[in-house]
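For reference, the structure discussed in these notes is given below.
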Amino acid sequence: QVQLVESGGGLVQAGGSLRLSCAASTRTFSTYAMGWFRQAPGKDREFVAGVSWSGSNTVSADSVKGRFTVSRDNAKNTVYLQMNSLKPEDTAVYYCAARSGPTIATKTFQYDYWGQGTQVTVSS
């Protein structure tokens, strides 16, 4: 069982930045690919970015490319999402997720464990 705890969310003005963190409670963190998803009110949960278990490969959704960067520190059992140039449409609850194996996935059903989410609100 893997527990994931997100932090770093909050209220920010458009154009600002936030860094989300997700700490994992497992000794085998490096055997999981990690993903970030978000869910806005009334919308489906959508993929934002993912990182392979080694950290050498990343994938980002088109809507955040060039603005968001995903990374991980396996020594700290933590994955990060650096969000720059934030827009009001980035407002959502952000979730991190873990899936066993090396490769990144973009669908929610492909992930085994989820955090409780952290709210990000971008004001215009």
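What the table below lists for this structure:
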read-out: Burial order of peptide ranges 47-56, 113-122 (average beta-carbon count within 10 Å, highest first); value: 47-56, 113-122
read-out: Vicinal HN-Hα couplings computed from phi for the range 40-57 (Karplus, 6.51 cos²θ - 1.76 cosθ + 1.60; Hz; Gly/Pro x); value: 8, x, x, 10, 6, 6, 10, 5, 10, 6, x, 9, 6, 5, 8, x, 7, 10
read-out: The range 55-118 and the range 31-50: distance between their alpha carbon centers, rounded to Å; value: 6
read-out: 3J(HN,Hα) from dihedral phi, the range 16-28, Karplus parametrisation 6.51/-1.76/1.60, rounded to Hz, x for glycine, proline; value: x, 10, 9, 10, 8, 10, 9, 9, 10, 9, 8, 7, 10
read-out: Neighbour-limited loop hits for trypsin sites (Lys or Arg not before Pro), the range 21-124 (at most 15 other Cβ within 10 Å; DSSP other than H, G, I, E, B); value: Arg27, Lys43, Lys65, Arg67, Lys76, Lys107
read-out: At 1.567 mPa s and 4 °C, Stokes D of the range 55-110 from Kirkwood alpha-carbon radius, µm² per second; value: 100
read-out: Lysines whose Cα lies under 17 Å from that of Lys65, excluding same-chain neighbours fewer than 8 positions away; value: Lys87
read-out: For the chain: span of alpha carbons on each principal axis (Å, largest first); value: 41, 27, 24
read-out: Whole-percent carbon and sulfur share, accessible surface of the chain, 1.4 Å; value: 46
read-out: Local electrostatic count at Thr78 - Lys and Arg +1, Asp and Glu -1, tallied over other residues with Cβ under 13 Å; value: +1
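The values are calculated or read from the model by the stated rules, or taken from the named source; none is laboratory data. These numbers come from a predicted model, not from an experiment. Every residue, glycine as well, gets a Cβ built from its backbone with ideal geometry; the counts of neighbours run over all protein chains shown. For accessibility, only protein heavy atoms count, side chains too; no ligands or nucleic acids. Shrake-Rupley method; radii C 1.70, N 1.55, O 1.52, S 1.80 Å.
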